[in-house]
Each structure stands twice: as structure tokens, then as C-alpha cells.
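Here is the structure we will look at.
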Amino acid sequence: MQYVISLLPLICIYGILVLGLNLQVGLTGILNFTYFTFVAFGAYIAAVLSLGPATSDSGMTYILGAEIPFPLTLLLAGAASAALGALISFAALRRLRSNYLALVTVGAGYVVYTVVGNQTNLFNGWNGLFGVPTPAPQNLNSNGQMLFFTGVCLLFLIVVFVALERLRRSPLGRVIRGIRDDDGVVEAFGRNVFRVRMTVFAVGCFVAGVGGSLLVMYATAFNPQSFLPPETFIMFAAMIIGGVGNNWGSLLGAAVVPVAFAEVTRFLPEFGHAGLVEALRGVAVGVLLIVVLRFMPQGVLRERAPIDRDVREPAVQPAPSGALTGSNHA
Amino acid sequence: MHQIMLSIGFGLVTASILALAGAGLSLQFSITNFVNFAYGDYATLGAYLVLLGIHWHLPFLGAAIASGIAMALLSLLLYRVTFRSFVRRRSQNVTMLIVSIGVSLAVQGVISAIWGSGFQTYQLTAQAPLSIGPFQLTTQQLAVIGVAVVGLLGLHILLRYTTIGKSMRAMSDDKDLAEVSGINTARITDITWLISGLLVGVAGIVLAVNTASFTPLLGNQFLFLIFAGVILGGIGKIYGAMLGALIIGVCTEVAAGFVGSAYADAAAFLLMILILLVRPSGLFTAKGRS
């Protein structure tokens, strides 16, 4: 029971993370292959904002140490991730398209990881941070604390979901889907594609930062090993399996994929050498990604086809749309 | 001055490995038109297959050759099993990218499952470095450069002077035009995967020789250096990839010597990003949208 309760906040947090990725990749078509960099960055900032000043007896060195109260740390962390996102997207989004952009995001993420990992005076380097305060009141028992924290995560999940769903239905939402399907057309209609893409990228990174903050408060410690770049692809798997471009699909994918992959191995008997189960999990994620893309390219919950209001009759052949499903016009 | 010449010498070794893998990646991209994120893991697999050969009491050279051939075949097999059905459905580039990530995760997982995630080594005897001009390189490092030169020269001859090579270049220029001109594009695509698999397998082996000990993440980290080199040269430009590899290789080793080895790869990526800001489709391509 305690175990099930401990999974609830994780599901909510992954929901937030996948929603942010879906905004960037699924809806706008910006291939951000270093999404988890922004999650980790937000987590770091939230950790150092809520920790007290670094003293020599804790054995950690880090910046800030401002002891800011809970909801504020989260928003500031989100803002910090958004700022980093704006910086990177300014370099990456200006003139680059799909392949190049994806590779540049990976390169930029690698640079961030290298700097953060090796400059121990920033965030204690590869040793990570611990003793991060949780927002749950201390007088509750452990289950109560976990349920309280679940409530907090759920609240943020609902806020993020409603905000992103409203954004998707707004005129801006139409513009970003237009950019995804054909940015040249959007440009021809007089939109500044670069600015819209950069804005969306920053908003997605804000969401990533908020999710990362909740993740670090959940664990009450920052272990760099659990924030490594491959985590991004677990998020991609969740988004694709749930349904690309569909926020409900993101929720579904987030509820099933990362938790299933992280936790199902817990019930398997240990066999083979240490790390074998871990390795087979990687194989399973990879094969599942390929199989889903092959036989169910739109995921479990499809993105609804756009409605053309100028045509009275329903279109004879609904054109395939979606970030991963359309045909290659090149 | 002495220090920088030493760094450039090591840079040449790294560049040779990058050039081998980069030429393979570029060749595959120019024919199939998608980026293969599993490519680094092919290199890792090549390095690990040598261990298998050594386990079966083959001499190192024999194991290396067998592994190179096996990687050529495996590369073709993986294309047939995974990528081809997506290509036939004319899937978007994005889809192909993510499919290749799936392949990458799977290959990496298989390697970890078979050999474990710990460090492996070929247990080659360590050698004292020889002084050649201003450089100090071991025989193994010289062999790495030699393998790269032979490999790239072979690729050059293939592309310039054989019918297969000419068909490849025709396909990379315009696939449809090549097809109506009577080129068997399916066969050329298969051959491309064979050759790029061979190149990356060999690159993985020489990389493992050069780094002495390796883990299943060997190629994963190396992949992005390969990409950096390929991007610098312009994606799909095989000769550009060779030159890009030279720049990136020297850049990493010089940065390792002067800033610290932890920053070697980061320096290469920074260089790549800076160059892309100025020339968004690489150094050796016509100006325009990528």
C-alpha cells in the first residue's frame, strides 16, 4: 500500500513532464532531444533555492542557498529552465531545421551537463545534492506526507494541463500546429515563426523546470545518475505511445510508460548478472518504440484531425497530420 | 609549442577514427536521407564482437576482421528488419530519428545484457611512444591512422571509379532520377548499409583500441562527436565529413590538453554550435536552408 502511494506523485510529475515535451515536440514539432537537461536544471535550481546556505559541515558546495519557501522555488526554477531554454533555442531555432536542430539540442545539453558536472562550486558536481526540503508538513506520518505531496503534484498537473489545453485550442495553438505541419505557410501568413517557436520552447522548458522541481522534492535529493540524458527518450516513448499531439494521450503515456518501465522490474526475480534486468528494460523500451511507430504511429489516443470550417461537407479523405505521421513532402 | 604539437598528434588519431565513422554515417545519410542515432551503438557492437572473437581464440587481427564483416551484415539486417518498412511508407524524418533511437536503446541493451555494463579491454600490450617529427604516438595509434587512411582511400576509389560508387553518388544527388536511369536503388541501398556498417564497425574497434578500456556506452558518447564532424562538413557530404572529423578531432584533443580532459567533448560541441550559427548547413555546402 505504501508502495502504491509512493507511485502516485511520480505519475503526476511524469504527466507534467510529458505534457511539456508534447507542447514542444508533439504540437510544435521542435525536436528537443535534450528535454531532460531542462528538467534537471529546474531540479537543481529548486534544490539550491530551498536549501539553506552551503556550510562546510554539510560537505556540499553550491550557489544561492536562499531558503525560499515552497511554491516560489518551483516558479523560479521553472523560470530558470525557461531562461536556459530561451538561450539554447536562440542559437538552435533561428535557422536550423529538424535533423540539425535535434543534434544541436543534444550538443547544447551535453555542454550544460559537462559544465554543471565539473564545476562543483555550482551544484556540487556529480555528487549531487541531498537534504532538499519537501513541502509536506513534518507532523504527518510518511503515508500522510506522501498523500499531501501527491495532492500538490496533482494540483500542478491540473494547472499545467488546463493551461496547455487552453493554449492548444487558442489561436496560438493553431499557429504552432501550423508551424509543425508546414512552417513555410505560417511564415507566408506573416507570422514570425522563429519568435513563436522560441516562445513555445521556453514555455515547454518552464513546464520541464516545474516538473523537475517536484521530482527533486519528491526524492528530497538530487542524484545526477537519475537525471541523465537517456531519460529524455523515456519521455519520448511515453509521448509517442500515449498519442503525439494529444494532451490526454500524454497523460495516459506518462501514467503507463515510465512507471511501468521503472517499476515492473521490481517484481521480477533477480536473475543473471547485475544490471541484466536494466539492460533488458532498455531493449524493451526500444522495441516497443519501434513497434508502436510501425503499427500505431498516432499512439493510443490520436490527435483529432483539424476541421476545415470553409468546407461544408466533411473532407473526403482526411489528410494525415501529426508530427510523426504525415508523409514526407521533401 | 611542444605541448600543442603533442595535442595535435593525438587529435590526428581521434580525427582518423571520427573520419572513418563519419564517412560511413554521411554515406548512409546521403543515400537514405535520415539520421541514424543507433550508429554509435553499431560502433560499440563492433568493438564488443572482437571480444567474442578473442574468446573463441582468434588472433586479434582475425577477430577484428570478422567483427567488421559481421557489423556490415548486422547493419544490413537491422535496416531490413526495422528501417525499411518505415522508408517504404515514406515516414517523416522525425519518425525515422525516433525509430533509430529505438534501435539504439535495443542494441545498447543487448550489449549490456550479454557482456555486462562494466569495463572491458582487449589486453593489448602497452607500447612506448615513438617520436615522429613533433608528434609522439604509439604503434597502435599509428595503426589506427593507417587503418583510417586505407579505409577512406578505399571509399574514395569505390565512389570515384566503380559502377557501384557512381550509382551511389547518382542516388545521393537525386534518387528518383537515379531510379528511372535504371539504377537498382534497392540494391544500392543495401550495399550502402553494408559499407557504412563495415566502416562504423572498424571505427568502433579502433576507437576501443585507442581508449584501451570501454563500456557499452563507448559509441553512444562518440556518436555525437561523429555528428559534430559530419555537421561541420555538411550532412551527407562524404568528403566534408572527413574534413569536419579532422577539425573536431584536433579541437577535442587541444581542448583536453589546455582546458582539461573533462571539457574535451563539450569544446567540440561548442565549436559545432558556433559554426552552425554562422553556416547553418555546414562548412562545405552552398548557403541555404538545411
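Numbers at a glance
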read-out: For the protein assembly as shown, cysteines whose Cβ has no other cysteine Cβ within reach (under 4.7 Å); value: A:205, B:251
read-out: Footprinting exposure proxy for A:168, B:80 (fewest neighbouring C-beta atoms within 10 Å first); value: B:80, A:168
read-out: Interchain or long-range residues, amide H under 5 Å from residue A:221's placed H; value: A:132
read-out: Sequence of A:291, B:180 once ranked by neighbouring C-beta atoms within 10 Å, starting from the fewest; value: B:180, A:291
read-out: In sequence order, calculated HN-Hα J values of the stretch A:238-254 (Karplus, 6.51, -1.76, 1.60; Hz; x Gly/Pro); value: 4, 5, 6, 5, x, x, 5, x, 10, 5, 5, x, 4, 4, 4, x, 5
read-out: Added length on full extension, which subtracts the Cα-Cα distance from 0.36 nm per residue, residue A:158 to residue A:185; value: 6.4 nm
read-out: Point-to-point label distance, residue B:61-residue A:139, nm (Cα→Cβ direction, 7 Å offset); value: 8.0 nm
read-out: Nonlocal amide H pairs with residue A:300, under 5 Å, H built at 1.01 Å; value: A:242, A:243
read-out: Size of electric dipole in the stretch B:101-249: Cβ of Lys, Arg +1 and of Asp, Glu -1, about Cα centre, debye, nearest 20; value: 180 debye
read-out: Interchain or long-range residues, amide H under 5 Å from residue B:279's placed H; value: none
read-out: Derived scalar couplings ³J(HN,Hα) [the stretch B:202-211; Karplus, 6.51 cos²θ - 1.76 cosθ + 1.60; whole Hz; x for Gly, Pro]; value: 4, 4, x, 5, 5, 4, 5, 4, 6, 8
read-out: For B:193, B:115, order by how many other beta-carbon atoms lie within 10 Å, fewest first; value: B:115, B:193
read-out: √(5λ) per eigenvalue of the Cα gyration tensor, the protein assembly as shown, largest first, Å; value: 39, 31, 23
read-out: Residue-wise HN-Hα coupling along the stretch B:11-22, computed from phi with Karplus coefficients 6.51, -1.76, 1.60 (Hz; x: Gly, Pro); value: x, 4, 5, 4, 4, 4, 5, 4, 5, 4, 5, x
read-out: Residue mean of other protein chain beta carbons inside 10 Å, B:261-273; value: 5
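Every read-out reported here was derived from the displayed coordinates using simple, explicitly stated rules and does not represent laboratory data. In this text the structure is predicted, and so the values were computed from the model without any measurement. Note: ideal-geometry Cβ built from the backbone for every residue, glycine included; neighbour counts use all protein chains shown.
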